[in-house]
Amino acid sequence: MTLTADPGPRAGAAAPAAASTATMTMAQALNRALADAMAADPSVLVFGEDVGPLGGVFRITDGLTARFGENRCFDTPLAESGIVGTAVGMAMNGMRPVVELQFDAFAYPAFEQIVDHVAKMGNRTRGRVRLPMVIRIPYAGGIGGVEHHSDSSEVYYAHTPGLTVVSPATPQDAYGMLRAAIALPDPVVFLEPKKLYWSSGEVDTAAPLPELGRARVARQGTDATLIAYGPSVPVALAAAEAAEEEGRSLAVVDVRSLVPFDDDTVCEAVRATGRAVVIAEAPGFASVAGEIAARVSERCFHHLLAPVRRVTGFDTPFAPPKLESYYLPSVDRVLDAVETLQWEDA
């Protein structure tokens, strides 16, 4: 089967006119994004473990095989390296593959393909060969899974030059960011917070697609800025709500894109408050949270009224289900960090 690549919709372009606004879960929004992308561009393919008739472990691909046929959405062997390697070959030859690696830690067997080929092909060929492909990875905790089903592996991809790395926190962003990722001419690692699959919100599929690489201010505040991404954004918002009852006004910035990173939006919010707390589920040592804290410290030093704090997972393997709530950042841990930010009234 020969397919001709179609550039598809670009950031800032509207989705199909027939789209409408509806309340969706994040899972439904991702499913709709895949369906709309496949309908708009015959070069978009979806494949991975159990994504065909079953619709994926989390049912993100539900109905796609029935609608588009087994040549457009199909199951693969349990071989993650082969899945990604196949996608590389397809992307080199005019297709736009979207692959699902079933759980975060299941992606590790494909890591060599991602680091040595997906990330480097454009540079290796001086831009003559580009890879328009998306690697979808359900990640992080919050579902009571064991360690091979709950890793926060984002730092490995963020550390690898050549990859765009993003993580939505709302159904609207899940839809728009996935459509934008599929439209990019270069590879994207699309990290989906598993515990947010069942969160719901309004999704306008006709809205302009977001520009990947832009953070958003999820809540305004004047006393301190909470910086979070993916599964930690609801924790940050809940902490800001709780802090308001105690007389603290906390802003919340949803990073959305780990690479490229939006220094401007993040630092503008921090300079306005003079205090910052970074929240992430991954272990804190050598982490994305550490990188964000360093960037904020370097760029906002003369505006900071206190050191930048971090609230992260612990530097241990992921906790068993009964201890998960102690391992993951919580509202209480965030509020405790806020209280260390050298308040004059302390």
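The values are calculated or read from the model by the stated rules, or taken from the named source; none is laboratory data. A quick note: this is a predicted structure, and the numbers were derived from the prediction, not measured. Every residue, glycine among them, receives a Cβ derived from its backbone with ideal geometry; neighbour counts consider all protein chains shown.
Just one of G141, G162 is out of contact with any His (no Cβ under 8 Å at 6 or more places or on another chain), over 21 Å from E49 (Cβ atoms), of a type outside the set (S, T, N, Q) and not in a strand (DSSP E or B); which is it?
After ruling out the rest, the residue left standing is G162.
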Restricting the range 18-63 to residues that are touching a Ser or Thr at 6+ places or on another chain (Cβ under 6 Å) and closer than 10 Å to Y175 by Cβ, the one surrounded by the most Cβ atoms within 10 Å (Cβ to Cβ) turns out to be M26
Among V278, V266, V311, the single one that is outside the structural domain of S153 (by TED's automatic domain parsing) and either over 16 Å from V252 (Cβ atoms) or in a helix (DSSP H, G or I) (or both) is V266
Here the residues within the range 274-305 that are free of Cβ contacts under 8 Å to residues at least 40 places away in the same chain and exposed (fewer than 15 other Cβ atoms within 10 Å of the Cβ) are F285, A294, S297, E298, F301, H302, L305
The correct count of residues that are of a type in the set (V, I, T) and not in a helix (DSSP H, G or I) in the range 314-339 is 1
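Can you tell me which residue is farthest from E112 (Cα to Cα) among those in the range 64-92 that are among the hydroxyl-bearing types (S, T, Y) and crowded, with 16+ Cβ neighbours inside 10 Å?
T65
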A careful count of residues in the range 248-273 that are without any contact (Cβ under 8 Å) to a residue 40 or more places away in the chain and out of contact with any strand residue (DSSP E or B) (no Cβ under 7 Å at 6 or more places or on another chain) gives 6
All-but-one check, P185 against (1) touching a helix residue (DSSP H, G or I) at 6+ places or on another chain (Cβ under 8 Å); (2) over 21 Å from A218 (Cα atoms); (3) part of a loop (DSSP other than H, G, I, E, B), failing number (1)
Selection from the range 188-222 of residues of a type outside the set (A, V, I, L, M, F, W, C), farther than 20 Å from T21 by Cβ and assigned to a strand (DSSP E or B) yields E192, P193, R219
